[in-house]
Structure formats: structure tokens, C-alpha cells
Amino acid sequence: IIAEVIYSNTGKRKLYDWKDALTSVYLSGLAIGVNLLMRGFYIFIYGFFYTARVFEINDPWVYWISLLILQDFLFYLLHYVDHYSRVFWAIHVTHHNSECFNFTTGFRSSVFQPLYRFVYYIPLAWIGFRPLDIMFMYSAVQIWGIFIHTKAINKLPGIIEFIFVTPSH
């Protein structure tokens with residue numbers, strides 16, 4: 001964020017409005033608090049489904065790459081539903097009402113999303129991914145998501161696109 005602020009102040013770029021950035025930080029702090037409170041519940045639910053898993057993935061490469069791809073797909077599904085369902089849009093719109101497009105916008109998330117988001121990842125535990133690994137990969141996917149919310153970088157592809165789509169040049 002500091003590097004982006006410095007970059008923003010060079011030339012005619014205005015990527016930051018401090019009031020907007022502080023709102024993003026405040027909302028992300030609230031969301032992180034709710035998220036931390038929910039983590040034990042997530043582990044319990046994922047653990048329940050993991051005990052009934054249908055597969056055992058022994059190859060670590062297959063395990064982690066599959067988890068990354070499936071996690072990213074399920075996040076896409078979550079985000080799609082958040083945009084096209086009125087109820088979930090009312091929760092998700094917080095993320096989209098920033099005046100600026102910068103790293104703090106990537107942190108701006110709904111305080112209520114942690115209350116239902118875990119449901120989308122239950123199939124991962126049932127397939128055979130360990131609960132802590134699911135939560136770790138969710139965090140990794142979210143870090144990428146922060147980087148795609150800035151105008152400082154022209155265009156970053158999604159994770160799936162990054163891995164599988166060959167650049168045309």
C-alpha cells in the first residue's frame with residue numbers, strides 16, 4: 001500500500017482518497033474480526049465433512065494444484081452469486097462502493113460475508129481436502145484478489161487464467 005501511495009503521487013495518477021482508504025481499512029478490520037470469530041466454526045464444519053470424504057489425494061502436487069483450482073472456482077461462484085442475487089448483492093455491495101481502485105479496495109469486504117462464505121467450500125472438505133488447507137488456500141487466493149484491485153497494475157489475470165492461458169504475445 002505504501003509503494004502504491006508513492007506511485008499514486010507521481011505524475012497525474014490519483015489512486016487514493018484518504019477518507020475512502022480509511023473506510024476500506026475500517027471495513028476490512030470489522031470483516032477480519034468476524035472472520036476470526038468464525039474460524040473455529042469453519043474448522044468444525046469442514047472437519048465434519050472431511051471425515052466423510054470420498055477421495056484420498058496422496059500426490060502433493062495433485063493435491064495442492066487441485067485445491068488451488070477448485071478454491072478459485074468456488075470463490076468465482078461465490079462472487080458470481082454475490083453479484084446476481086439481490087440478497088447477497090446487498091451484503092457484497094460494500095466492496096464495490098469505493099471511489100478509488102487501489103489495494104485498500106481489495107481489502108474492503110463485507111462484514112457479513114464470513115457468516116455464509118464457508119458454505120461454498122464445504123465440497124472441498126467432502127472431496128478430501130483438509131480443513132486447515134482449505135482455509136490456507138482461501139487466504140492465498142484472497143491475496144491474489146487484492147492485487148487485481150488496483151489501477152497501478154494495468155491488468156492482472158485471474159488465477160486460472162494466469163496458470164492455463166498462454167499469453168498471445
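The values are calculated or read from the model by the stated rules, or taken from the named source; none is laboratory data. All values reported here derive from a predicted model rather than from experimental measurement. Cβ atoms come from the backbone with ideal geometry, glycine included; neighbour counts cover every protein chain shown. Just the protein is used for accessible areas: all its heavy atoms, side chains included, with ligands, DNA and RNA removed. Shrake-Rupley method; radii C 1.70, N 1.55, O 1.52, S 1.80 Å.
Tabulated data for the structure shown
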| item | result |
| --- | --- |
| Any hit, region 52-62, residues being in contact (Cβ under 8 Å) with a residue 24 or more places away in the chain, assigned to a helix (DSSP H, G or I) and out of contact with any Pro (no Cβ under 8 Å at 6 or more places or on another chain) | no |
| Qualifying residue in region 49-58 (condition: among the hydrophobic types (A, V, I, L, M, F, W, C) and within 20 Å of the chain's Cα centre (by Cα)) | no |
| Given (1) modelled with pLDDT of 85 or more; (2) of a type in the set (S, T, N, Q); (3) over 16 Å from Met137 (Cβ atoms); (4) part of a helix (DSSP H, G or I), index of the condition Ser24 fails | (1) |
| Criterion violated by Ser168 - all others in (1) surrounded by 14 or more Cβ atoms within 10 Å (Cβ to Cβ); (2) of a type in the set (Gly, Ala, Ser); (3) at pLDDT below 75; (4) farther than 16 Å from Ser28 by Cα satisfied | (1) |
| Meets criteria (closer than 17 Å to Leu115 by Cα, open to solvent by less than 90 Å² (accessible area, probe 1.4 Å) and modelled with pLDDT of 80 or more) for Ile43 | yes |
| Hits in region 46-84 (condition: surrounded by 13 or more Cβ atoms within 10 Å (Cβ to Cβ) and among the acidic types (Asp, Glu)) | Asp72, Asp82 |
| From Ile122, Ile146, Ile91, residue being modelled with pLDDT of 85 or more, part of a helix (DSSP H, G or I) and surrounded by fewer than 19 Cβ atoms within 10 Å (Cβ to Cβ) | Ile122 |
